[in-house]
Amino acid sequence: MSCLRDSIRQIGPSLQELIEAIENASTLTLLILSAWRLVRVLAVRIVEEVLIERAQRPTQWTECPKCGKRLHSKGFVPRQITSVIGTIRWKRRVGRCPHGCAIGQIAPLDNALGLLPHQRTSVELQRLGCLLAIFVPFETVSVLLNCLISVQVSGTSVWHWVQKSGQKAMDCLHRQLAELSSGQLPQMETLDEAVSVLPLLIGADGVMVPFRPEGGKGRTEWREVKVAVLARLGRRSKSNAPQLHQRRLVAVLGKIDALRPRLWLEALRQGVLTAAQVVWLSDGGTGFWGLYTACFAFYAIGILDFYHAAQNLWKGARAWLDGRSKKARQWFASARHRLRHGETNEVLSDISSALKLDGLPETARKALKNLYEYLNTHQYHIQYQKFKELGLPIGSGMVESACKWLIQQRFKGVGMRWSETGFNHLLHLRLAWVNGRFEELFALEDSPN
Ligand SMILES: [Zn+2]
């Protein structure tokens with residue numbers, strides 16, 4: 001009956017022990033765990049067997065890149081790689097220049113296998129480590145890898161993998177930005193037909209991140225990361241609550257000017273030029289509204305976050321009518337209600353009448369003037385009644401939470417402080433993940449090297 005176990009048993013005494021452990025397992029859990037141990041040992045053996053076979057084949061020696069002389073074999077040299085199935089060991093021929101040029105050892109089999117000279121872990125293990133590092137600290141990744149697949153790697157190794165693949169993601173972005181600035185438009189991402197008819201929502205926000213000061217010692221420096229979200233705005237079929245599809249994030253540690261080309265690149269990919277409706281949703285940050293005016297005003301309806309507008313109304317009411325008074329609360333409630341229902345002009349006329357009052361204290365005058373200017377500047381962005389009729393959101397909560405999630409969840413843990421380079425690498429890896437471009441960074445598909 002048990003021909004599979006019998007044939008495995010015959011391979012060698014070490015496997016026999018593993019088979020016995022399976023047969024003696026009393027509980028299902030022990031049964032599964034001992035079978036898993038056997039599977040890993042077998043997997044390593046099979047890979048090693050194939051590698052040893054390939055190493056025996058005749059080697060095509062290339063020429064020395066320095067002097068052009070054909071390389072000579074120096075015999076078989078061991079190599080090992082840590083992988084998701086365990087450590088794989090084999091020997092392969094290495095060659096040297098017969099003239100002694102300083103080109104190191106060349107191993108044609110390594111090249112054929114896609115191995116780099118100093119690589120000690122396989123790409124699928126690095127991918128797994130990077131994937132975990134997107135969500136949890138490097139040291140935790142090391143613990144998880146040990147728990148999940150019994151592979152021992154240090155947090156430092158994981159950190160190195162993240163630097164490498166994060167840099168790859170950044171290089172790719174810089175290439176795309178260079179192409180865009182030379183006039184080449186990026187390819188639009190393919191969308192399901194049902195999603196492609198939905199409005200494209202764009203919004204941006206700033207999130208603070210703790211950095212190590214230069215030199216590493218001293219107080220934490222908080223720096224702002226600009227984050228933007230792009231998504232198609234749909235509705236849940238049952239509750240009719242808003243739902244984001246095809247969510248894409250853009251982020252940069254730097255000024256608005258650095259965010260602008262990145263956001264525009266992503267907006268083109270998400271169909272800003274062809275979407276039936278484009279909506280810009282943001283709170284009062286002047287930098288972001290400047291970006292809206294510069295890039296998106298032509299394509300998008302701009303919506304100022306209603307709660308932010310209401311907050312400013314309250315600031316005005318408090319300065320004008322004394323925040324503790326009933327009158328202040330009454331005016332605020334009525335102004336907020338009128339703002340919500342499209343009666344902006346009446347609110348503005350209330351404010352301009354108040355500004356004409358004799359004996360208005362200077363601080364109150366200043367606050368009211370600011371409020372008037374604020375509402376006047378944003379008059380097209382506060383037509384809340386109209387936005388509601390169009391089925392558009394008037395609060396930027398969705399934008400803010402998407403932006404905060406990107407940063408908060410990973411970069412603001414207890415005691416975390418980042419270097420600029422380390423932050424950027426992990427940020428771009430995290431962006432690659434949320435934007436569905438993570439796999440492109442790891443060559444797991446079969447491709448000629
Ligand atoms: Zn040479």
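Computed quantities for the displayed model
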item	result
Local electrostatic count, residue 399, Cβ distance below 9 Å [Lys/Arg +1, Asp/Glu -1]	-4
Alpha carbon centroid spacing (whole Å) that separates region 195-273 from region 394-422	10
Cα centroid separation, region 102-158 to region 1-39 (Å)	29
Most to least packed among 134-146, 193-205, 229-241, 61-73 [average Cβ atoms within 10 Å]	193-205, 134-146, 229-241, 61-73
Fraction of accessible area attributable to carbon and sulfur, region 303-365 (%, probe 1.4 Å)	50
Accessible solvent surface per residue of region 14-93, calculated while the other protein chains remain in place, 1.4 angstrom probe, Å²	66
Spread of Cα-to-Cα distances over 5 Å intervals beginning at zero, given as percent, for region 61-195	2, 9, 13, 13, 11, 12, 13, 13, 9, 5, 1, 1, 0, 0
Carbon + sulfur, % of accessible area of region 129-282 - ligands and nucleic acids excluded, 1.4 Å	52
Cross-link reach list, aspartates and glutamates versus residue 226, counting only Cα pairs under 12 Å and skipping chain neighbours closer than eight places	205, 257, 400
Within-14-Å neighbourhood charge of residue 125 [Cβ basis; K, R +1; D, E -1]	+3
Share, in percent, of DSSP beta bridges within the chain that are antiparallel, nearest 5	75
Three principal axis lengths of region 256-297 [C-alpha, angstrom, descending]	27, 20, 13
Gyration tensor (Cα) of region 20-111, equivalent ellipsoid semi-axes in angstrom	42, 11, 8
Protection proxy ranking, peptides 214-223, 315-324, average beta carbon neighbours within 10 Å, highest first	315-324, 214-223
Spin-label pair residue 388/residue 77, simplified geometry with 7 Å Cα→Cβ offset, distance in nm	7.5
Gaussian network model of the chain, Cα within-10 Å springs - most flexible of 373, 224, 23	23
CD proxy at 222 nm, helix term only [per DSSP H run n ≥ 4: -39500 (n - 2.57); per residue of the chain; nearest 500]	-15500 deg cm²/dmol
Cα-based helix-to-principal-axis angle, 155-181 vs the chain, degrees rounded to 10	60
Antiparallel %, DSSP beta bridges [both residues in region 168-324], to 5	75
10 Å beta-carbon shell around residue 271, net charge (K/R +1, D/E -1)	+1
Area of residue 174 that stays accessible when all protein chains are in place (1.4 Å probe, Å², to 10)	90
Exposure rank, largest accessible area first [404, 255; 1.4 Å]	255, 404
Two-site label geometry, residue 404 and residue 113: point separation in nm, points 7 Å out along Cα→Cβ	4.9
Cα-Cα over 32 Å, subset of 217/404; 66/168; 255/327; 326/404; 356/404	255/327; 326/404; 356/404
With eigenvalues of the C-alpha gyration tensor scaled by 5 and rooted, the chain, Å	60, 26, 22
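The values are calculated or read from the model by the stated rules, or taken from the named source; none is laboratory data. Quick caveat, the model's predicted, so the values are computed rather than measured. So basically every Cβ, Gly included, is an ideal-geometry build from the backbone, and we count neighbours across all protein chains shown. These accessible areas exclude ligands, DNA and RNA; they are computed on the full protein's heavy atoms, side chains included. Shrake-Rupley method; radii C 1.70, N 1.55, O 1.52, S 1.80 Å.
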